[in-house]
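Asks: One structure is given below, represented as structure tokens, and several questions about it will come after.
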Amino acid sequence: MATKTNPGNFFEDFQLGQEIVHAVPRTVTAGDVALYIGLTGSRFALHASEAFARAIGYGKAPVDDILVFHIVFGRTVADISLNAIANLGYAQCRFGAPVYAGDTLSAVSEIIGLKENSNRATGIVYLRSTGFKQDGTRVLEYVRWVMVRKRDQAAPAPGDHVPRLPVAVEPSTLGDACPPINAAAYDFTLAGSPHRFADYVAGERLDHIDGMTVEEAEHQIATRLYQNTARVHFNQFAQGQERSGRRLIYGGHVISIARALSFNGLANAFHIAGINGGRHVAPLFAGSTVFAWSEVLDKTELPGRSDVGALRLRTVATKDRPCTDFPDRTGDDYDPAVILDLDYWVLMPR
Amino acid sequence: MATKTNPGNFFEDFQLGQEIVHAVPRTVTAGDVALYIGLTGSRFALHASEAFARAIGYGKAPVDDILVFHIVFGRTVADISLNAIANLGYAQCRFGAPVYAGDTLSAVSEIIGLKENSNRATGIVYLRSTGFKQDGTRVLEYVRWVMVRKRDQAAPAPGDHVPRLPVAVEPSTLGDACPPINAAAYDFTLAGSPHRFADYVAGERLDHIDGMTVEEAEHQIATRLYQNTARVHFNQFAQGQERSGRRLIYGGHVISIARALSFNGLANAFHIAGINGGRHVAPLFAGSTVFAWSEVLDKTELPGRSDVGALRLRTVATKDRPCTDFPDRTGDDYDPAVILDLDYWVLMPR
Amino acid sequence: MATKTNPGNFFEDFQLGQEIVHAVPRTVTAGDVALYIGLTGSRFALHASEAFARAIGYGKAPVDDILVFHIVFGRTVADISLNAIANLGYAQCRFGAPVYAGDTLSAVSEIIGLKENSNRATGIVYLRSTGFKQDGTRVLEYVRWVMVRKRDQAAPAPGDHVPRLPVAVEPSTLGDACPPINAAAYDFTLAGSPHRFADYVAGERLDHIDGMTVEEAEHQIATRLYQNTARVHFNQFAQGQERSGRRLIYGGHVISIARALSFNGLANAFHIAGINGGRHVAPLFAGSTVFAWSEVLDKTELPGRSDVGALRLRTVATKDRPCTDFPDRTGDDYDPAVILDLDYWVLMPR
């Protein structure tokens, strides 16, 4: 009898154009929202306060964009990245509709690229994942690429196609998950900062100052909350036999912490409308302290909207190194403390 | 003045036939459900998704059976097992009605057996505990037996009766907590596995593959969530003076993790309808990694039900040892890595 | 361009009479309530059970008083105590209305005292903070004083005024957050103790027996849940360079644990109506075990209320030392194990 347990897909199991409907649908609740605050320290008023959200034009407080991302991402792991070695990058991520407590999220992915590595032991899988609500509303789509082991090194490569991906999300396509904002009702004091869209300029850099130490229990609880089952995060017995000897912290948890730290300087960046690209430059292990800084890459108005504008930000996170002097990359080389380089669009009141 | 603090009952404080109404009623909420997912990684679609639950015939997503068990169990600790040395076993556990977020659970126990140990320092208390909703609906009943210290070794034994307990729950009595399932609406893709009742055969064994490392903070948060106050789980100062030197992880947390791991192979075992017996073979301490495997002991149809069938499973959990080769017992001797041996009935769509 | 990040206020930034509207409003949910139970082990029936709360006269289960305190306190940190060295004390704390899941809390503070220390490097800020619901209802007010660094030692002191604070909250002003209690419906068995107001006498002392070990992940999750961003709690990189070398546990977490432990002996002290004074005698670091004992300082009826009476309690918490012999202070010297000395009013059914 064939086993009924899922060993996960290997590189040669994927096909170009393949569509995968992921298990398990997940209802997001006030419990998830509270845990997300407890695990990350997020303080953005839109997500923390029903009263604030209603005042500016949302029906109620929407779920944090990054929490939505993690839950949709979590759906995809059992099919895509159980045998992954590394999550290499993200692109073309756009949010399609606000998610509220009570919504049930599910996900579908399409394989859009496959490229065997020259060692023939691994390959890169490119996929576009889409998250939906119970009523079919698209809440999120994004491309990611991930290095996956082959089961059998001798197996033929299942394809050889690297998709061409734009370097950024087109700003005119942003804002679907943000209803019209009542700017007059937007209380900058309650939001935590007087700085609005007009106050930021391209090239400006912000040190987010604070540091956040991550514990094993914290990243495990967070990653399980998203029902992300990738083995490297939970199994110390197996990880103890790997080179690092440690459980690897889910890269998404680093994104959450960097976003939470960015409140100090970007408190009115109330909505992440899209992610242009992201790279986990180095792994994070428990016990380290995460710091972050951001740079304004660009700013733009959105067609037909006078309520909000879009800032293109780059947020860099480091471990065990404050960001007073903005540790960065030079060419392809990063400062050794850098662990995350994230390029994304936020919306801010004008 | 007599103290107003509760030192817990000792063996000689119990009487055969005694009925104990436990404090404190506990309303189960979406917060508990989220924390349970975060602490265990459970992925069963019925509990994770309102949409899935409604589609198959539940009014809304029921609370995980094992979470219900832990909350009812937690009520009993202050009266029964504050001075317990070890929780020895469970039997005759049946679920009586689905529990939903918003329900308030309370518990009553009857002492059904008492047996002093030959050392006269301890005795075994057998009790049947029953959990109720706010409206009196019985949601759970089970028998457990627990070794409790005597306050005074010279005190006479309060009784000498060992109840006769059937080795298994009668299958015809299962299913009260499972409404009629709309099998046509049961989406096996969304549930995470194509395998239904008909696909399993008695004798079949499944390695659940994944491992889950447990941290001190995790088991403490879980056990406090159930308001289980047994001292061995929380007090490192006192435990540091015991032989193990460590806080003992609540055995129920091991059951939760084993159940969550069993998703990989048993994703459609959506409901635990009864527990025939359970034994905590060895203690678990933080830092260890839990693995699990299961065996199908039996399978049966349920009288009058064509929607679901019952599998009798035995799930064995180990610490720091993968279950590829199904570590087991030989006679009364267990493989030294085994920590849990649980015999229970699950319902699956036919 | 001036930085947009908030370095926090320093001593010379405050002015006597200054009013500060704090960010960020925070909706309290069932998720927060569950996490609070999971992190503290609180068991008071009023907060744990909707059914119990409704039976005795609340519309629904109110949020734990100390959780309300922490959330209001958390609002104030970014403006007041980001650069604090130590939270020195509390006084004149009164609860004004019950808070329910779904309420959104915000906070305002007034600077009521300023006193430079003789070293001229630091000063003490006295403030009265008030927490409000979305509809303007006052839910809490309290005074605290905190030692804050100066940015520039040469800067002139911003004031020199120490407010006169009564040593206790006037009992006749207590009870606003407690509706009339239906004493006949108050079930002492379900609440966990037979002891009511009449059973306690001034001078009585209670050892709460149990100990609770605190993990880094636990206090970090708790403190982030309250969106309290004080740096000393989260940043091991920075703390590793301080004398203690450790992250300091938020003193409020110690209050929560002491209150939860006090259930054993004070289960019917269902509501904290006011806090007369509180002092964090020594810091707590992760890995230590907290114990607590209480003394009844006073008891009084409340004007016009025959349903409940007020006990004035002093709860002392220790680390790594059981409280069997009530470790205390002698004059100004505390037993070296003492970490908290809290003087407060609770309401109990008569």
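Asks: Report, please, the projected area of the range A:21-179 averaged over directions, based on the convex hull of its C-alpha atoms, in nm².
Replies: Mean orientational projected area (the range A:21-179, Cα hull): 10.5 nm².
Asks: From the square roots a ≥ b ≥ c of the eigenvalues of the alpha-carbon gyration tensor of the range B:214-350, which class results: rounded (a/c under 1.5), prolate (a/b over b/c), or oblate?
Replies: prolate
Asks: May I pose another question? What gaps in nm, shortest first, separate A:Glu301 from its twins in the other copies when you place the label 7 Å past Cα toward the beta carbon?
Replies: Sorted ascending, the copy-to-copy spacings read 7.2, 7.2 nm.
Asks: Same structure again: Which net charge results when you count Lys and Arg as +1 and Asp and Glu as -1 among the other residues whose beta-carbon is under 13 Å from that of A:Ser129?
Replies: +1
Asks: Of A:Ala198, A:Leu342, B:Ser306, which is farthest along the charge dipole of the protein assembly as shown in the positive direction, counting Lys and Arg as +1 and Asp and Glu as -1 at C-beta?
Replies: The residue sitting farthest along the positive end of the dipole is B:Ser306.
Asks: Then there's this: Mind checking the mean number of beta-carbon atoms from other chains within 10 Å of the Cβ atoms in B:51-58?
Replies: Shielding by partners across B:51-58 averages 3.
Asks: Between their Cα atoms, which of A:Lys60/C:Lys60; B:Lys150/C:Lys319; B:Lys133/C:Lys60; B:Lys319/C:Lys319; A:Lys299/C:Lys4 are more than 27 Å away from each other?
Replies: B:Lys150/C:Lys319; B:Lys319/C:Lys319
Asks: Next question, about the same structure. Mind telling me which of C:Leu46, C:Leu340, C:Leu297 comes out most flexible in a GNM of chain C, alpha-carbon contacts under 10 Å?
Replies: C:Leu297
Asks: While we're looking at this one, here's another question. Roughly how far apart, in whole Å, are the Cα centres of the range A:1-22 and the range B:24-84?
Replies: Spelled out, the Cα-based centre of one part sits 31 Å from the other.
Asks: Another question, then. Hey, what does the equivalent ellipsoid look like for the protein assembly as shown, semi-axes from the Cα gyration tensor as sqrt of 5 times each eigenvalue, largest first, whole Å?
Replies: For the protein assembly as shown, the semi-axes come out at 42, 42, 25 Å.
Asks: For A:Met147, C:Met348, what's the fewest-to-most ordering of other Cβ within 10 Å of each Cβ?
Replies: Starting with the residue having the fewest Cβ neighbours, the order is A:Met147, C:Met348.
Asks: Here's something else I'd like to know. For the range B:294-350 and the range B:209-266, what is the separation of their C-alpha centers, rounded to whole Å?
Replies: Going from one Cα centre to the other spans 21 Å.
Asks: What is the order of A:Asp341, C:Asp210, fewest Cβ neighbours within 10 Å to most?
Replies: With the fewest neighbours first, A:Asp341, C:Asp210 line up as A:Asp341, C:Asp210.
Asks: Among residues other than A:Val169 whose Cβ falls under 12 Å from its Cβ, what is the net charge (Lys/Arg +1, Asp/Glu -1)?
Replies: -3
Asks: Okay, next question. Measure nothing but the geometry: give the 0 to 90° angle between the long axis through the Cα atoms of B:65-80 and the longest principal axis through the Cα atoms of chain B, rounded to 10°.
Replies: For helix B:65-80, the angle is close to 10 degrees.
Asks: To test your reading of the geometry: what angle, between 0 and 90 degrees and rounded to tens, separates the Cα axis of helix A:30-40 from the longest principal axis of chain A?
Replies: Taking the Cα atoms of chain A, the angle to A:30-40 is about 90 degrees.
Asks: Cut-off under 15 Å on the C-alpha distance; same-chain residues fewer than 8 positions from A:Lys115 excluded. Which aspartates and glutamates are left, in chain and number order?
Replies: The qualifying aspartates and glutamates are A:Glu12, A:Asp13, A:Asp160.
Asks: Let me ask something else. Around B:Gly159, under 14 Å between beta carbons, what's the net of Lys plus Arg minus Asp minus Glu among the other residues?
Replies: Neighbour charge sum, excluding B:Gly159 itself: -3.
Asks: Relative to the first principal axis of the alpha-carbon coordinates of chain A, what is the inclination of helix A:251-261, with its axis defined by its Cα atoms, in degrees from 0 to 90 and to the nearest 10?
Replies: Between the helix axis and the principal axis of chain A, the angle is about 10 degrees.
Asks: Quote the Stokes-Einstein diffusion coefficient, in whole µm² s⁻¹, for chain C, based on the Kirkwood radius over alpha carbon pairs, a temperature of 20 °C and a viscosity of 1.002 mPa s.
Replies: 104
Asks: Which of A:Ile257, A:Ile221 comes first, and how do the rest follow, when ranked by fewest Cβ neighbours within 10 Å?
Replies: Exposure proxy ranking, most exposed first: A:Ile221, A:Ile257.
Asks: Note the distances from B:Asp160 to each other copy's matching label point, with points 7 Å along the Cα-to-beta-carbon direction, in nm, sorted shortest first.
Replies: Taking the point 7 Å beyond Cα along Cα→Cβ, the inter-copy spacings are 8.4, 8.4 nm.
Asks: On to the next question. Using a 7 Å offset from Cα along the direction of the beta-carbon, what are the separations from A:Pro7 to the same position in each other copy, nm, ascending?
Replies: Output for A:Pro7: 5.9, 5.9 nm, nearest copy listed first.
Values in this text are rule-based calculations from the coordinates and carry no lab data. Not measured: the values here are computed from a predicted model. Cβ sites come from the backbone with ideal geometry, for glycine too, and all protein chains shown count toward neighbours.
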